[in-house]
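The values are calculated or read from the model by the stated rules, or taken from the named source; none is laboratory data. Treat the numbers as computed from the prediction; the structure is a model and nothing was measured. Backbone-built Cβ (ideal geometry, glycine too); neighbour counts: all protein chains shown. Each accessible area value is taken on the protein alone, full model and side chains, heavy atoms only, with ligands, DNA and RNA left out. Shrake-Rupley method; radii C 1.70, N 1.55, O 1.52, S 1.80 Å.
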Amino acid sequence: MAKDSKRTVLVTGGAGFIGSHTLVELINAGFEVVAVDNFSNSDDTCLKGVEQIVGRKIPFENIDCCDYEAMEKLFQSYEFDSVIHFAAFKAVGESVEMPLKYYRNNITSFLNVLELMQKYNRSNIVFSSSATVYGETDVLPVTEQTPRMPAISSYGNTKQICEDILRDTVASSKIRGIALRYFNPIGAHPSALIGELPRGVPNNLVPFITQTASGVRECLSVFGNDYPTPDGSCIRDYIDVVDLAKAHVSAISRMVEDKNKQNYEIFNVGTGKGTSVLELVSMFEKVNNLKLNYKIAPRRQGDVVAIYADTTLANVELGWKAERSLEDTLASAWKWEQYIRSKK
Ligand code: UFG
């Protein structure tokens, strides 16, 4: 394989929210990239945004990672030694209604990527995992050693299964892998040229907040104010998407530079700080100097009361730390929402 292939990364799901931010950070760190996406939950807005930010074209293929033949052609055509696998369905509620859609897509695509990595001797993979693998844990903060509880949704189960597939594959091959367990990714690039683009009614809190502020949605429902937390609303660890993207660069660099201590490693990616829904709403209002129309609504089924990360391992081993303040992140989310609305 050519020398440069060691610093070339295939990014699946590269047109998506976290994928697009990671393309930017990889390029900033001197990596070459190849992106694939089938636009099943995105369009080319963020890819174009990435190209504007970095000032050059991104090698891109419109491919469904479940299509083995198309993926094989990609592996034959491009020289990359590392993969970051984002491509997956991610709507928790939908996964409960359509489990087979989630199992087929999220697991088939991952199997294809790993089988092809093995066949074509590619070395390193970062898998996009999630704090959802901890299920309904009452250990706070959660460390990577906190036992995984049974998944609450089929989506969550696909993340657990894919982690196990990666662990077993690494144990029996030359492939090295890192699973990054994301907490709640939010925000947008400071340029406001890339950000989150949910289709239809957003499931997640911050896109719902920004769409309510811009008048696309009438009113935000805060799901529950009777939880056993200081203000009664749920607590999460909101991680800035640019910080999260940088964690991927650290993870890839660790393997490329042979600094990994084990061939399969897991890291939590969060801030280590819990923020309640009501705190987040009032911070959003304050930093962006606006009033949000919201009401208290019944609890949402399947929500855990509180979860936030112990990030010591990522801090020490990856040399990575969340840097952007929640205020700046919420300001960037609002700036992105305004940019997107101005384009429509
Ligand atoms: N919430 C509201 N109103 C809304 C949307 C959300 O009050 O309109 C609340 C939720 O009840 C929850 C918090 O905001 O308390 C965060 O909810 P999100 O839907 O934004 O995020 P979740 O914590 O439910 O889910 C996220 C990711 C999942 C991942 C999970 C792991 O979206 O992919 O974290 O914990 F599986």
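A few notes on this one:
- For region 153-190, a residue qualifies if it is among the hydroxyl-bearing types (Ser, Thr, Tyr), within 11 Å of the ligand (Cβ to nearest atom) and within 28 Å of Met255 (Cα to Cα), and the qualifying residues are Tyr155, Thr158, Tyr182.
- Region 287-316 - residue that is charged (D, E, K, R) and open to solvent by 50 Å² or more (accessible area, probe 1.4 Å) and, of those, modelled with the lowest pLDDT: Arg300
- Of all residues in region 167-185, those being among the hydroxyl-bearing types (Ser, Thr, Tyr) and either surrounded by 19 or more Cβ atoms within 10 Å (Cβ to Cβ) or closer than 24 Å to Thr275 by Cβ (or both) number 2.
- Residue list for region 206-243, filter: more than 12 Å from the ligand (Cβ to nearest atom), within 30 Å of Arg7 (Cα to Cα) and hydrophobic (A, V, I, L, M, F, W, C): Val241, Val242
- Of all residues in region 1-47, those that are part of a helix (DSSP H, G or I) and among the β-branched types (Val, Ile, Thr) total 5.
Okay, residues lined up against (1) free of Cβ contacts under 8 Å to residues at least 60 places away in the same chain; (2) touching a His at 6+ places or on another chain (Cβ under 9 Å):
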| site | (1), (2) |
| --- | --- |
| Val216 | no, no |
| Thr229 | no, no |
| Val242 | no, yes |
| Ala247 | no, no |
| Gly272 | no, no |
| Thr275 | yes, no |
| Met283 | yes, no |
| Gly302 | no, no |
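- Qualifying residues in region 191-202 (those that are more than 15 Å from the chain's Cα centre (by Cα) and closer than 13 Å to Lys90 by Cα) - the one farthest from the ligand (Cβ to nearest atom): Arg199
- In this structure, Glu51 does not qualify as farther than 30 Å from Arg300 by Cα, modelled with pLDDT of 95 or more and touching a His at 6+ places or on another chain (Cβ under 8 Å).
- Filtered residues of region 65-92 (kept if out of contact with any Asp or Glu (no Cβ under 9 Å at 6 or more places or on another chain), in a loop (DSSP other than H, G, I, E, B) and open to solvent by 30 Å² or more (accessible area, probe 1.4 Å)): Cys66, Asp67, Ala88, Phe89, Lys90
- Restricting Glu337, Glu317 to residues that are under 18 Å from Phe208 (Cβ atoms) and part of a helix (DSSP H, G or I) narrows the list to Glu337.
- Qualifying positions in region 219-259 - open to solvent by less than 10 Å² (accessible area, probe 1.4 Å), β-branched (Val, Ile, Thr) and within 30 Å of Ile125 (Cβ to Cβ): Ile239, Val241, Ile252
- Across region 195-209, the qualifying residues are those that are of a type outside the set (D, E, K, R) and out of contact with any Leu (no Cβ under 9 Å at 6 or more places or on another chain), and the one among them that is nearest to Val24 (Cα to Cα) is Gly195.
- Considering residues of region 122-135 that are within 10 Å of the ligand (Cβ to nearest atom) and either β-branched (Val, Ile, Thr) or over 23 Å from Asn315 (Cα atoms) (or both) only, the residue surrounded by the fewest Cβ atoms within 10 Å (Cβ to Cβ): Gly135
- The criterion of being under 21 Å from Leu292 (Cα atoms) and free of Cβ contacts under 8 Å to residues at least 40 places away in the same chain does not hold for Arg236.
- Qualifying positions in region 142-166 - crowded, with 16+ Cβ neighbours inside 10 Å, more than 18 Å from the chain's Cα centre (by Cα) and charged (D, E, K, R): Arg148
- Only one of the numbered conditions (1) assigned to a strand (DSSP E or B); (2) in contact with an Asp or Glu (Cβ under 6 Å, 6 or more places away or on another chain); (3) aliphatic (A, V, I, L, M) is not met by Val249, and that is (1).
- Flag if Ile58 is assigned to a loop (DSSP other than H, G, I, E, B), β-branched (Val, Ile, Thr) and either modelled with pLDDT under 95 or surrounded by fewer than 24 Cβ atoms within 10 Å (Cβ to Cβ) (or both): yes
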